[in-house]
């Protein structure tokens, strides 16, 4: 991991917040593989103060201001505020998003699709946050994909989850379903992107 990411986490802590690595980086680390995907959720800081803090590390790019997502040019990290997503309509744009840096991690992680993507890692202490039991899922034995919050999850309703399935199957996980559309036939050998 780029040492500048840890420096950002230290700066966030000095400003009264907490920076947590989330999503694919944590999932891949738990699985014991390298990850080029780095996302951080920043707790305890509003978007304006976060943007000013990040400016100390380079040019800040607002890639999703409505979603509270910023980048620092050349760092390759998405810095996001914790948020709540509420489904309001069809498709990938049918969401109401509310950024809330005061959310606790367990609540913020509920918006993520699968429990293995709902973990966090404190880059300063090494503490793994796993409020939804995701660490049990990536083990290399036949497992069931578990959603973070939907009891009746339909694979076809989440293209991202469907893209993750082949990669996870390569590591010995497979979805359990009676629906033909949710069954995967195995690993293509090329892997799949879960981003």
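Considering every residue within region 23-37, establish whether at least one is more than 20 Å from residue 118 (Cα to Cα), in contact with a strand residue (DSSP E or B) (Cβ under 6 Å, 6 or more places away or on another chain), touching a residue at least 24 places away in the same chain (Cβ under 8 Å) and part of a helix (DSSP H, G or I). Looking through region 23-37, none of the residues is more than 20 Å from residue 118 (Cα to Cα), in contact with a strand residue (DSSP E or B) (Cβ under 6 Å, 6 or more places away or on another chain), touching a residue at least 24 places away in the same chain (Cβ under 8 Å) and part of a helix (DSSP H, G or I). Looking at 123, 131, just one residue is under 17 Å from residue 21 (Cα atoms), out of contact with any strand residue (DSSP E or B) (no Cβ under 6 Å at 6 or more places or on another chain) and either surrounded by 17 or more Cβ atoms within 10 Å (Cβ to Cβ) or without any contact (Cβ under 8 Å) to a residue 60 or more places away in the chain (or both), and that residue is 131. Looking at region 26-34, can you tell me whether even one residue there is crowded, with 19+ Cβ neighbours inside 10 Å and under 21 Å from residue 100 (Cα atoms)? So far as region 26-34 goes, no, none of its residues is crowded, with 19+ Cβ neighbours inside 10 Å and under 21 Å from residue 100 (Cα atoms).
Only a single criterion out of (1) at negative phi; (2) at pLDDT below 95; (3) not in a strand (DSSP E or B) is not satisfied by residue 53, namely (2). Only residues that are out of contact with any strand residue (DSSP E or B) (no Cβ under 7 Å at 6 or more places or on another chain) and surrounded by 15 or more Cβ atoms within 10 Å (Cβ to Cβ) were counted across region 72-102, and they come to 1. For region 55-69, the condition holds for at least one residue, the condition being that it is buried (at least 22 other Cβ atoms within 10 Å of the Cβ) and more than 17 Å from residue 130 (Cα to Cα). Among the candidates 102, 58, the residue that is closer than 16 Å to residue 9 by Cβ, modelled with pLDDT of 90 or more and part of a loop (DSSP other than H, G, I, E, B) is uniquely 58.
If you go through region 1-22 and pick out every residue that is in a helix (DSSP H, G or I), surrounded by fewer than 18 Cβ atoms within 10 Å (Cβ to Cβ) and touching a residue at least 60 places away in the same chain (Cβ under 8 Å), you end up with 4. The residue that is modelled with the highest pLDDT, counting only those in region 134-147 that are in contact with a strand residue (DSSP E or B) (Cβ under 8 Å, 6 or more places away or on another chain) and more than 30 Å from residue 4 (Cβ to Cβ), is 137.
The values are calculated or read from the model by the stated rules, or taken from the named source; none is laboratory data. Only a predicted model underlies this, so the values are computations on that prediction, with no experimental measurement involved. Cβ coordinates were reconstructed from backbone atoms using ideal geometry, including for glycine residues, and neighbour counts include every protein chain displayed.
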